[in-house]
């Protein structure tokens, strides 16, 4: 059926019920947000002022990290009202491993519902030596995913260096990918993947449909630089990475993240978005 054969009412009804992720995927560009750890000092001092500044830079969304759980329910409601007014959304949240346990997960569920986020992401973990601990993490994620999916949320996992560092010849991230449900997002931190010598594009292509968001963290092997370089100043092949993420990974949104640079945090976030836009992404 041709699009122009649809009535206006039918078209509007159809698009209203489509999941936001599919609408984003169908758009010309994938939305880009900011991982709020990038502006952590400012966020701690003035949460609402910082979100206003991020929206003013042109970011389309954001990802709150663990301290959001220290807010009161009233503060969460106020933050959602602010984001609605600014036209910016919370794509997902970062949470500690302990948050995903049954005795602590409900507060996070309640807050994520209010914020309107889609994914609750486990922000890495430290299961100890050997691969057995990683299998336990996978089990925790599966249990949490079942609970989250019953209430309209999804689980995710975010890597740092340990997940891509081989243990007995196997990278822990491979255990997590193999042992977790396909519905669990594997959120790729590009910078830490590069730092360990792994290939982000190869990883994305090996896990089609599961790399639904990426942290666009840059990395440079030059002494004294590391993660402190701005977007586009390091060695990441952003064209190849983002193309693979869109075409194979199932990317729904991108998140710029910065550990810290030669500029203040808010200026760093603005410069990274400018660099991202300048490359035509």
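Summary of values
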{"item": "Value of [θ]222 nm, deg cm²/dmol, for the chain, DSSP H segments ≥ 4, -39500 (n - 2.57) each, nearest 500", "result": "-12500 deg cm²/dmol"}
{"item": "Area projected by the alpha carbon convex hull of the range 153-207, averaged over all directions, nm²", "result": "3.8"}
{"item": "Mean shadow area of the range 70-130 over all directions, Cα convex hull, nm²", "result": "4.9"}
{"item": "For the range 114-245: relative contact order, % (alpha-carbon pairs under 8 angstrom, 6 or more apart)", "result": "20"}
{"item": "For the range 147-212: relative contact order, % (alpha-carbon pairs under 8 angstrom, 6 or more apart)", "result": "35"}
{"item": "Spatial extent of the range 177-281: Rg and Dmax, with the Cα atoms as the point set, Å", "result": "13.7, 41"}
{"item": "Kirkwood hydrodynamic radius (C-alpha pairs) into Stokes-Einstein, the range 59-201, 10 °C and 1.306 mPa s, D in µm²/s", "result": "100"}
{"item": "Distance between modelled label sites at residue 126 and residue 205, nm, 7 Å Cα→Cβ extension", "result": "3.6"}
{"item": "Linear extension gain, residue 181 paired with residue 78, 0.36 nm per residue minus alpha-carbon span", "result": "33.7 nm"}
{"item": "Ordering of 119-127, 131-139 by burial proxy (mean other Cβ atoms within 10 Å per residue, highest first)", "result": "119-127, 131-139"}
{"item": "Over the range 24-278, relative contact order from alpha-carbon pairs under 8 Å, at least 6 apart, %", "result": "20"}
{"item": "Label point distance in nm, residue 46-residue 267, each placed 7 Å from Cα along Cα→Cβ", "result": "1.7"}
{"item": "Residue-span extension gain [residue 247 to residue 139] - 0.36 nm each, minus C-alpha spacing", "result": "36.0 nm"}
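Only the coordinates and a few stated rules stand behind these numbers; no lab work does. Just so it is clear, the structure is predicted and the values come from calculations on it, not from any experiment. Here Cβ is always computed from backbone atoms with ideal geometry, including for glycine, and neighbour counts include all displayed protein chains.
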